[in-house]
Amino acid sequence: MNKANTLIAKQSLEEAADWLIRSQEAPLTNEEKAQFKLWQEANSDNSKAWLRVQRLMGHVETLPKGVAAAVLNRPDDESRRFAIGKLALLLAAGPTLWGGYKAIEVQQWTADYRTAKGEFQEITLPDGSLVKLNTATAFDMTFNSRSRLLSLREGEIEIRKAQVDPQQFGPFLIQTQEGTLTPLGNRLTVRQCDGFTQLAALNGQVQAAPKLAQNNEMMTIKPGHQAQISNFKLLSSQLISPTTTAWLNQMIAAHDMPLKQFAEEVSRYRKGYLRISPDIENIMVSGAFPTSNTDTIINMLTHTYPIKAKHHLGGYWVTLEPA
């Protein structure tokens, strides 16, 4: 099929997303049904966009109720444009993105503890330990007499381990996709990255056991050091960088960071899609940026570097291009 034949106008995608949100909120009135019919028949892009909606619904209906509601229910007026933009982007992307979206959302919403994109949270565990959750983070907890186990599904956490009676609680363990960590001190951060685990031993040593290491070899990360661990081995170890711990102050710290990499960090916090033109992806970015408002970050970039921002889909999709 010719690729051009599969493209649908952005306006039609946004309007289809709007009709979907309206229909999910409450049954359409007779007047609205008539308006909807006229909209569908107005042009071929509208009818194609609604066909995409029907296909998307076939996927979304399989999600847990909480996830479907978060995507489909009409939000308050302030965030409505983001919901429309999110749905429009899903409609534009097609089934390939829908599958990945479903896997990510299910993983987040079925976890014991979770944060959404842009959310920052602190919780107290049954043993008195404190855990900070960064953006888009999910983990499970299993506490018994044998161990205190946190299983990090995705995202980033800081742990301040409490001193406990060993007769009541077992050793503290953190499990990631790459292995198991045992903090010997009382404070560390752990981030689940794509293909490796990143940790920072803020106080005391951390022992790491990659799940596929030969002879179950245990690695030790010294206090004040950060490390990256694969399924097989310790990939790197160095002094803790401010860029690793800036999130604890709800900031992104960058020092000569390529714009492409910086945008990936910003995207962890942004409820939308941030695209970087290949012409500017190697611009080096430095500074401290607040994660609480990614629009502010984009404004800071456009005022500091030869960059301009183009907004699409009601601000949900932003493209950075050469100024």
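Every number here is computed from the coordinates shown, using simple stated rules; none is lab data. Because the structure is predicted, anything quoted here is derived from the model rather than measured. Backbone-built Cβ (ideal geometry, glycine too); neighbour counts: all protein chains shown.
Taking the Cα centre of the range 250-322 as origin and charging only Cβ (+1 Lys, Arg; -1 Asp, Glu), how large is the dipole, in debye to the nearest 20?
Around 240 debye, computed over the range 250-322.
How do 280-288, 30-38 rank on mean C-beta neighbours within 10 Å, highest first?
Per-residue mean Cβ counts within 10 Å order the peptides as 280-288, 30-38.
Output the relative contact order of the range 115-244, whole-number percent, from Cα pairs under 8 angstrom with separation of 6+ residues.
The value is 16 percent.
Fully extended, how many nm does the chain gain between residue 51 and residue 264 (0.36 nm per residue separation, minus their Cα-Cα distance)? Numbers along the way, then the final one.
Values: separation 213, 0.36 × 213 = 76.68 nm, distance 3.19 nm.
Value of the extension gain: 73.5 nm.
Would you kindly state how much longer the chain becomes between residue 273 and residue 124 on full extension, computed as 0.36 nm times their sequence separation minus their alpha carbon distance, in nm to one decimal?
Additional length available on full extension: 50.4 nm.
Working out 0.36 nm times the residue gap between residue 231 and residue 205, then minus their Cα-Cα distance, what length gain in nm do you get to one decimal?
Working: separation 26, 0.36 × 26 = 9.36 nm, distance 2.00 nm.
Net length gain for the segment: 7.4 nm.
By counting other Cβ atoms within 10 Å of each Cβ, how are 243, 137 ranked from fewest to most?
The fewest-first ordering by Cβ neighbours comes to 243, 137.
With the crude spin-label approximation of a point 7 Å out along Cα→Cβ, what separation in nm comes out for residue 9 versus residue 215?
6.9
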